[in-house]
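Contents: one structure, followed by commentary.
Read the figures in this text as sums done on the coordinates, not as results from a lab. Everything quoted here is computed from the prediction, not taken from an experiment. Ideal geometry is used to build each Cβ from the backbone, glycine not excepted, and the neighbour counts take in all protein chains shown.
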């Protein structure tokens, strides 16, 4: 299986085709974990993945980030067009997100990251691609949904600023 690795001085992450690839052990120095490249397609594989991730995330005392093409939506608001979304389609993924106390990181760009390539009444948009993190990532991270080029999925670009020490300004009320 082909693997690609992205390295910066404070972050190491990996993507591996055919499943998910854990580079969390490389992030232990900074008490961070990341999972990227989720590529499970059938319902049973996805359920197994959610259970595996849930076991690791819920038992970890670390800052967690999980992202990629989940190929599933959380609720009907993440889909435009096509058939009505049923609770059975979204229940397992929504339960995984909730039980792990994960939140979708704030993003810029199009709400929908996937398009079926069709037009008019056959056109369907979904938010398959996302980055989720626990509470520590919410204030220091942002994801940009880039323009789809040569793919039905929009690439995601994440920015993380761990140095968020804010300078508190003294509030002064002037009463004239």
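Observations
- Counting other Cβ atoms within 10 Å as a rough exposure proxy, the listed residues 158, 91 run 91, 158 from fewest neighbours to most.
- As a proxy for reagent exposure, 79, 46 were ordered by neighbouring Cβ count within 10 angstrom, fewest first; the result is 46, 79.
- Cα gyration tensor shape of the range 40-170, rounded if a/c is under 1.5, else prolate or oblate by comparing a/b with b/c: oblate
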